[in-house]
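The values are calculated or read from the model by the stated rules, or taken from the named source; none is laboratory data. Everything numeric here is computed off the predicted structure, so don't read it as measured data. Cβ placement follows ideal geometry from the backbone for every residue including glycine, while neighbour counts extend to all protein chains displayed.
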Amino acid sequence: MTKANEGSVSEMAQIHQVRTRYKSGIVVCLLLIGGLFPVTLVQLQAQSDTGSLRVEVVDSTGAVVVGAAVKVTNEATSVSATKNTVADGYATFDPIQQGTYDVEVQMAGFKGVKNTDVTVDVNGRRFLSVKMAVAPVSEAIDVVESTPPLQTEQASLGQVISGDVAVQLPLQGRRYTDLALLVPGVTVASDLNPVTRGPDWFVANGNYQTQNNFLLDGFDNNQGTTNAQSLSSEVVRPSPDAISEFKVQTNSYSAEFGRSAGAVVNVSLKAGTNQVHGTAFYYNRDKALAANSWLNNLTGLPKQDLGWHQFGGSIGGPIVKHKLFYFGDYEGFHRTFSDTYLRNVPTVKEKQGIFPFTINDPQTGLPFRNNTIPQTRMDPLGAKIVALYPDPNLPGTIDSSSGRTIENYGAVRPDRENTHKFDIRNDYYATQRDQISFRYSFLQEDIFRSAIFPGNIADCGSQDCNTGGQYNRNQSLGASWTRTLSPTIVNVVRFGYYLTYATFSHTSVSAPTATEFGFKGIPSNLPPTGGLPRIEITDYQELGTRNFRPQFQKPHLYGILDNVSLSQGAHTIRVGFELRSKSDQFVDIQRRTPDYRFRGNFTGDPLADLLLGMPDRFSMSSVPVVNQLQQVWAGYAQDDWKVNSRLTLNLGLRYEYATPYYGDSPNRNVNFDFATGQLIQASGSNKYLVNRDKKDWGPRLGVAYQLVPEKAVIRAGYGLFYNGEDIFGSDTNLPLNPPQLVSVTLSEQGSNPPLRLSDPIPNNILTQFDTSTLALRARERNWRTPRVHQFNVATQFQLPARSFFEIAYVGNRGRHLIANFDANQTAFGADPSVRANYPYPNFFQIYTGTTRGTSHYNALELKYEKPFQRGLYVLGSYTYASAIDESGAWGSDNQPQVRDCFVCERGPMRQVPRHRFTLAGVYEIPVGHGRTFGNNMSRVLDAFIGGWQLSNILTWRSGLPIDVSMDPSGTDPITGLPINFSNIPDDFGDIRPNRVGNPNTGISPSNDRFHFLNVNGFQLQPVDTPGNSQRNVAHGPRFASLDLSLVKRFALNERISLDFRTEAFNFLNHTNYKDPSQTTWGDSGFGVVSDAFDPRVIQLAVRLHF
């Protein structure tokens, strides 16, 4: 058996053992569920996923009625509660489960009133004013249909979408998180690759995608890996069929919510009711009903494969009516698909060492004769690697500035995905005073993408290559107990737990090892893995094993929360605390295999350098396993004060303390002491090695005033929010330092490479090393918790047809945001090969995390909503935004040009467009049984023309900002001369050229895709100096898409219906171009648009409702 196979078998065995343990854990959990099923399961919601209902009772003169009996009854479960109005005329029900209620008011001497269809949303504050008329006791009760209310009780911004609406909208992949994109101020987190991070990350009001807080039935549902490896922003993602209500709050929410400075996404699962209800569904896509992609049409490749099978169902009902309920759902997803690639590969002659442009001989400094490298001069291993490139299969295009042929290889490669997920929930109303709830959720995903090049061994070394395997298994459970201590005091205690196991592997993980291929000197004590080292080569497709492959993450979290609600007249007070304890075991390092970099420093062409075996840099690392920990404590108090019937104040205060992340023994934190220039190791209680920020007090203030009662309301809110649990990958993770992680980098010395490709790697390179070759991670000692000041002023109006319009100014100010830089950079103009030019000559790189970044967000946000009623639902939103930051979110951040001058990096936020508009709607065509027209038509006629429904999601946005950087060893596209910036920081950041004109040409990619960015908008600055161009100075293409759904519903009887659905995503087959793949001025292909988003795809589905 080969070493590669031994390594892969060993890793697979470990994975199998973990999977086996998890399967055993699932069995135990299911047995526990079975035990709890008949005993303790209740519909008890935690405070953050319930709402509040305040009922005001007045007589015909407006005077308060004291002592009136107010009875609220859940229409689904028939569970009811009764309270009497107190001295100020209020009866407050807090907390109260999200749902629809009947509110009946009785008082001697008055005519009774019953309001129906009174909705209470997740974390909603509902106010209902009931007017009673004097009348004999025996007179019949007035029944009043409730009107959808204005938001008069709280100053937060956001949106609620019911589960019934969610399943009717055409959602890509049935992802409920796409509903958040219908909310003003929310946009896709475009810089997190959905292939590796999942598609459900978003940016809310300029707050970064890692700053959002996801809750499921009030429990923490935030993914726990350090690098977003679990293919989602959440631990589990319930099916839309399982969702009762989806709420996203984007600004100035109450003190109950913490953990993050972005949006709060609160999802409430459906619960069982007194009637058995459920669904069954099957969704299908096939390439026969899909348009060919723009890229495949461009390259003349056949249509991509598409086999899409998404199926499942849900069911809920009573075990004991009015007491004990159950709900469960399952969704399976099997997909075969393919990815299309358009890459740069050497020509047949270039692989033989024959070039169409000048190639210099490093020995003489003169051009090779006939621009041909003699076979006798080629490095054997370099030539063997170059031979792995397939021959071009497309004519390609000659890059005008460099003379290289680009986009000359296209391929369509088969891929697969299998996903399973389910939820189980039980609710038990034990007594009028005690309610208990339990939930268990499971998600497993297994994805594999084939290698780009034939034979697997070459793999794909570049950062944008995500071939290989991705696997994750997530489990989550929560339990809660609500105890009514008195008519005015309610206590809620809850416990939550989640567990994730996620892996990444490359396609060649089981292929021959680098040693077997011919590389020499790779330390035998490193965990073996198949495949080549990374061959990092400019202007051509990289080869080998890309960064961070293979790796794994195993986070888990325990959480306990307690909340006390006190209803006292005009005051609804909530006081609570929460504790979370987190652990994550992982391998997350950049170099699982060695890395050889070729930039053309020796011959003028990177491929020629590779043929000669002359890298300009070599890197490799040891492979430690880290167990990283964090604890979080928080407490809050919130008072919603109904000053009078028109004015409400929201007054809150929250305290949070999140420990800095720290490594458990044996791989504990190691930091760099900038005062002494030495590494310091954690010891005893000094486990963090940064200062702990214990001053995180967050006030929450809100005011809502009804300008015209029930017709117009003005609101304003402010809050200070902290984000002590933000993730940042492995960039500044302190356990990833010597002695546990030894990361060695060897750089060129003058005109000599650090080593030849065929030379053995220096013996004991990871044990007996020169510290000046070490790359370190550090954090500034004065670490502060990132924070955001949020504020808004909004006015909401009631419009005809029971609809609303809202206009809002929204602002954020981010302070102490995470921003990174290399603290060991040389100055511009200083020779990086001279160690004395480094601030810390004894080390190579000191990648340092700070909390010195800032951000600014200002926006005009408009929203129109018509809640679903009488067969029509409409939600439209528009945002005009200005978003500025200095460092960017994790995944879209960049290193400063000049050391730690973050203010020099101030520019447009990479992921926020200037304009964004969405329009979603559901329209039941009013013809057929149970509708406005044709209610009495025959069943035969109704089968043809009745029961039709249309729904849509329309999305449009302006282009996103693009950062234009510069290659210090590229080619000046204006003069055609080589760029030779040799005396710049060795680990330079995003160095940029000078800007002299418009960075965009204004040419549509439909007319000329090769000149989307304006090469003449920039020019080369004086040698070895930073450029003056602003960060994110250009803009990408616009985006517009219309998704449609057509439904035909057959009513089989009064309780059962069958839907046939046809859905078209990108219905108009509009070509939405992606940003140029090359935005480095001076590199081949600068400003060329080479890909587009998905074409039209048609989906067929059948759904059963009962």
**Prompt:** Quick one: what pairs do we get from the stretch 1083-1104, first residue modelled with pLDDT of 95 or more, second of a type in the set (Asp, Glu), C-beta under 6 Å, 6+ apart or different chains?
**Reply:** Gln1099/Glu1063; Arg1103/Asp1059
**Asked** Listed residues Ala242, Ala261, Ala290, Ala255; which is over 30 Å from Asp726 (Cα atoms) and surrounded by 20 or more Cβ atoms within 10 Å (Cβ to Cβ)?
**Response** Ala290
**Prompt:** Restricting to the stretch 199-215, what's the tally of residues that are under 16 Å from Arg237 (Cα atoms), crowded, with 24+ Cβ neighbours inside 10 Å and either among the hydrophobic types (A, V, I, L, M, F, W, C) or under 8 Å from the mean Cα position of the chain (by Cα) (or both)?
**Reply:** 5
**Asked** Could you count how many residues in the stretch 973-994 are over 30 Å from Ile846 (Cβ atoms) and surrounded by fewer than 19 Cβ atoms within 10 Å (Cβ to Cβ)?
**Response** 5
**Prompt:** With respect to Pro993, is the statement that it is within 30 Å of Val834 (Cβ to Cβ) and modelled with pLDDT of 95 or more true?
**Reply:** yes
**Item:** Criterion: of a type in the set (S, T, N, Q), under 30 Å from Gln706 (Cα atoms) and either within 36 Å of the chain's Cα centre (by Cα) or surrounded by fewer than 16 Cβ atoms within 10 Å (Cβ to Cβ) (or both) - qualifying residue of Gln796, Gln845
**Value:** Gln796
**Message:** Name the residue that is nearest to His1105 (Cα to Cα), counting only residues in the stretch 1051-1085 that are among the aromatic types (Phe, Trp, Tyr) and buried (at least 17 other Cβ atoms within 10 Å of the Cβ).
**Reply:** Phe1065
**Prompt:** Pairs, please: C-beta under 6 Å, at least 6 apart or cross-chain, first residue at positive phi and in the stretch 336-357, second surrounded by 20 or more Cβ atoms within 10 Å (Cβ to Cβ) and not in a helix (DSSP H, G or I)?
**Reply:** Gly353/Ile373
**Request:** Could you tell me whether Thr85 is over 44 Å from the mean Cα position of the chain (by Cα) and more than 19 Å from Asp164 (Cα to Cα)?
**Result:** yes
**Message:** For the list (1) buried (at least 20 other Cβ atoms within 10 Å of the Cβ); (2) at pLDDT 85 or above; (3) not aliphatic (A, V, I, L, M), I need the number of the one condition that Asn123 fails.
**Reply:** (2)
**Item:** Tally, over the stretch 484-502, of residues that are touching a residue at least 40 places away in the same chain (Cβ under 8 Å) and either among the polar types (S, T, N, Q) or on the phi > 0 side of the Ramachandran plot (or both)
**Value:** 4
**Message:** Looking at the stretch 407-431, I want the residues that are on the phi > 0 side of the Ramachandran plot and have a partner that is not in a strand (DSSP E or B) with Cβ atoms under 8 Å, at least 6 apart or on another chain. Which pairs are those?
**Reply:** Glu407/Asn344; Glu407/Leu394; Glu407/Gly396; Glu407/Gly1085; Glu407/Val1088; Glu407/Ser1090
**Request:** Consider Leu860 carefully, then state whether it is of a type outside the set (Phe, Trp, Tyr) and more than 30 Å from Tyr208 (Cα to Cα).
**Result:** no
**Complete:** Within the stretch 273-286, residues at pLDDT 95 or above and not aromatic (Phe, Trp, Tyr) come out as Val276, His277, Gly278, Thr279, Ala280, Asn284, Arg285, Asp286
**Asked** Hey, does the stretch 641-659 have a residue that's among the aliphatic types (A, V, I, L, M), modelled with pLDDT of 95 or more and within 27 Å of the chain's Cα centre (by Cα)?
**Response** yes
**Asked** What do you reckon, is Gln444 outside the structural domain of Gly1087 (by the TED database), within 22 Å of the chain's Cα centre (by Cα) and among the polar types (S, T, N, Q)?
**Response** yes
**Prompt:** Residue check: is Gly698 among the small types (Gly, Ala, Ser), buried (at least 17 other Cβ atoms within 10 Å of the Cβ), under 28 Å from the mean Cα position of the chain (by Cα) and not in a strand (DSSP E or B)?
**Reply:** no
**Prompt:** Of all residues in the stretch 300-321, how many are in contact (Cβ under 8 Å) with a residue 12 or more places away in the chain and part of a strand (DSSP E or B)?
**Reply:** 14
**Message:** Just to check your reading of the model, which residue among Ser505, Ser476, Ser510, Ser480 is at pLDDT below 90 and among the small types (Gly, Ala, Ser)?
**Reply:** Ser510
**Asked** (1) assigned to a strand (DSSP E or B); (2) touching a Gly at 6+ places or on another chain (Cβ under 9 Å); (3) surrounded by fewer than 24 Cβ atoms within 10 Å (Cβ to Cβ): which one isn't true of Thr273, the others all being true?
**Response** (1)
**Message:** Residues that are assigned to a strand (DSSP E or B) and touching an Asp or Glu at 6+ places or on another chain (Cβ under 7 Å): does the stretch 259-267 have at least one?
**Reply:** yes
**Prompt:** Looking at the stretch 869-920, which of its residues are in contact with a Ser or Thr (Cβ under 7 Å, 6 or more places away or on another chain), surrounded by 19 or more Cβ atoms within 10 Å (Cβ to Cβ) and part of a strand (DSSP E or B)?
**Reply:** Ser877, Asp885, Arg916, Thr918
**Prompt:** Among (1) in contact (Cβ under 8 Å) with a residue 24 or more places away in the chain; (2) under 22 Å from Pro615 (Cα atoms); (3) not β-branched (Val, Ile, Thr), which single condition is Leu366 missing?
**Reply:** (1)
**Residue among Asn1028, Asn1053 that alone is assigned by the TED database to the domain that holds Val927, closer than 29 Å to Ile884 by Cα and polar (S, T, N, Q)** = Asn1028
**Request:** Report, by residue number, each residue of the stretch 150-191 that is part of a loop (DSSP other than H, G, I, E, B), of a type outside the set (A, V, I, L, M), crowded, with 21+ Cβ neighbours inside 10 Å and at negative phi.
**Result:** Gln151, Thr152, Glu153, Gln154, Ser156, Gln168, Pro170, Pro184, Ser190
**Item:** For Ser505: the one exception among (1) buried (at least 24 other Cβ atoms within 10 Å of the Cβ); (2) polar (S, T, N, Q); (3) on the phi > 0 side of the Ramachandran plot
**Value:** (3)
**Prompt:** In the stretch 1002-1027, what residues are under 17 Å from Pro985 (Cα atoms) and either touching a residue at least 24 places away in the same chain (Cβ under 8 Å) or charged (D, E, K, R) (or both)?
**Reply:** Gln1021, Val1023, Asp1024, Thr1025, Pro1026, Gly1027
**Message:** Please go through (1) surrounded by 13 or more Cβ atoms within 10 Å (Cβ to Cβ); (2) farther than 30 Å from Pro149 by Cβ; (3) touching a residue at least 12 places away in the same chain (Cβ under 8 Å); (4) among the hydrophobic types (A, V, I, L, M, F, W, C) for Ile714 and return the number of the only condition it doesn't satisfy.
**Reply:** (2)
**Request:** Select, from Leu1044, Leu1052, the only residue that is without any contact (Cβ under 8 Å) to a residue 24 or more places away in the chain, at negative phi and among the aliphatic types (A, V, I, L, M).
**Result:** Leu1052
